[in-house]
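Worksheet: the structure to be examined is printed underneath.
The values are calculated or read from the model by the stated rules, or taken from the named source; none is laboratory data. Everything numeric here is computed off the predicted structure, so don't read it as measured data. Methodologically, a virtual Cβ is constructed for each residue, glycine included, from the backbone with ideal geometry; neighbour enumeration extends over all protein chains shown.
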Amino acid sequence: MSYRMKIYLGISICLTGLILSFSAGCNEQQQVQKAIDLYLDGVMLKELGENEMAAQKLNSAVVLDQRLPMAYSMLGDIYQEQKDYQKSAASYEKATELDPRSFEDYFNLGKVYQIMKKLSLAVKAYSRACELKPDHLEAHIYTAKSYFEIGDYNSAIAAASRAERIDPDVGEIQTMLGKMYESQKNYDQAIRSYKRALEINSNDAGIMTSLAVVYLNTNRNEPAKELFILATQTQPDNSTAYRYLGYCYLQLDEMNKAIESYIKAIEINDNDWEAHRGLGVAYLMKVIDETNEDEQLKTELRTKAVRHWRKSLDLKPTQSHRERLLKYIKMYSK
């Protein structure tokens, strides 16, 4: 018997006595006792991995007696495992109504609402979980993530900062703070958070890429380039890092290296519409290079540019540069 099951059974015994003591009449006591028995059967069946049968027992239990928060809680767990999130949320909601001090039920309710993309409800549930356990790291992290998804960056930063105070050495928190500050265009703070994240996880190519993108946004192209190169060395299949490296080389007027980087990004992910668009731009820059007097080469480069712009538009027809690309395609297809 698992430790969790022992806890359930211990509490159930106490619960049985408590409910029976407040029940009036022999018939009601028998009904309550039957509900408790069904609940215990449900616990046993869930422990054995028989979730369907367990759910049946638990639902029968709450029909007989709706004052069993642990039955609703377990139903929430079962439905969450079965990915029936609507029923899971309803079960956890009922559990929290019956036991407003149940951290686990509020926390799980938040997770289910987050999966369902009902983020305002997720925030509400997570916030209550944080009130019940102010030092629970995950609760603050998930609260911050939910606020961030809503677009409430100030509340997201406040929640992430509370998580940071609980444990300042968690790379996920520092990365999350970096993204939040970046979304607010608070680039100095974003850089500090990403740097701290890299101190914790020095080989994380994703963090390197995120920090390098902030450097690009603040026109610090050389340190951005070095980080993108390091990211591609650390994670050779990181198409995003190669794509940004291509853009970085464009900014540094190193067209051959830009073309190489974009081609590598496309080799890894041929559906990267931004890489196709960037490669087309790099080819165009080679066409208009005053030192390039090879007309045959220019024709080949124009053909390549148009091909990649068309591919970019096929992959992302609604991109913001659509009209400009169509103009270039028409111009250089002649």
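Can you pull out the residues in the range 87-123 that are more than 21 Å from Asn154 (Cα to Cα) and among the small types (Gly, Ala, Ser)?
Ser88, Ala89, Ala90, Ser91, Ala95, Ser102
Could you please give the count of residues in the range 279-299 that are exposed (fewer than 14 other Cβ atoms within 10 Å of the Cβ) and in a helix (DSSP H, G or I)? Lay out the reasoning, then the answer.
To start, the set of residues in the range 279-299 that are exposed (fewer than 14 other Cβ atoms within 10 Å of the Cβ) comprises 288-291, 293-297, 299.
Still in the list and also in a helix (DSSP H, G or I): 295-297, 299.
The total comes to 4.
Starting from residues that are surrounded by 17 or more Cβ atoms within 10 Å (Cβ to Cβ) and not hydroxyl-bearing (Ser, Thr, Tyr), keep the ones in the range 105-117 and report whichever is farthest from the chain's Cα centre (by Cα). Talk me through it step by step, then tell me what you get.
Within the range 105-117, the first condition is being surrounded by 17 or more Cβ atoms within 10 Å (Cβ to Cβ), and the residues that meet it are 105-114.
Filter again for not hydroxyl-bearing (Ser, Thr, Tyr), leaving 105, 107-112, 114.
Working: Asp105: 21, Phe107: 17, Asn108: 16, Leu109: 17, Gly110: 14, Lys111: 12, Val112: 14, Gln114: 10 Å.
Looking at the filtered set, the residue picked out is Asp105.
Within the range 63-92, restricting attention to residues that are surrounded by fewer than 22 Cβ atoms within 10 Å (Cβ to Cβ) and at pLDDT below 90, which residue is nearest to the chain's Cα centre (by Cα)?
Out of the qualifying residues, it is Pro69.
Which ones in the range 158-174 are surrounded by fewer than 23 Cβ atoms within 10 Å (Cβ to Cβ) and assigned to a helix (DSSP H, G or I)?
The initial filter retains those residues of the range 158-174 that are surrounded by fewer than 23 Cβ atoms within 10 Å (Cβ to Cβ), namely 158, 161-162, 164-172.
Hits for the range 158-174 are Ala158, Ser161, Arg162, Glu164, Arg165, Ile166, Gly171, Glu172.
Taking the residues in the range 23-45 that are modelled with pLDDT of 80 or more and under 15 Å from Arg67 (Cα atoms) as candidates, determine which candidate is surrounded by the fewest Cβ atoms within 10 Å (Cβ to Cβ). Please lay out each step first, then the result.
First, the residues of the range 23-45 that are modelled with pLDDT of 80 or more: 34, 36, 39-40, 44-45.
From what is left, the residues that are under 15 Å from Arg67 (Cα atoms) are 34, 36, 39-40.
Working: Lys34: 14, Ile36: 22, Tyr39: 25, Leu40: 19.
Per the criteria, the residue is Lys34.
Is it the case that Leu48 is crowded, with 18+ Cβ neighbours inside 10 Å, at pLDDT 80 or above and either touching a helix residue (DSSP H, G or I) at 6+ places or on another chain (Cβ under 9 Å) or in the same structural domain as Val112 (by TED's automatic domain parsing) (or both)? Full working, then the answer.
Values: crowded, with 18+ Cβ neighbours inside 10 Å: no; at pLDDT 80 or above: yes; either touching a helix residue (DSSP H, G or I) at 6+ places or on another chain (Cβ under 9 Å) or in the same structural domain as Val112 (by TED's automatic domain parsing) (or both): yes.
In short, no.
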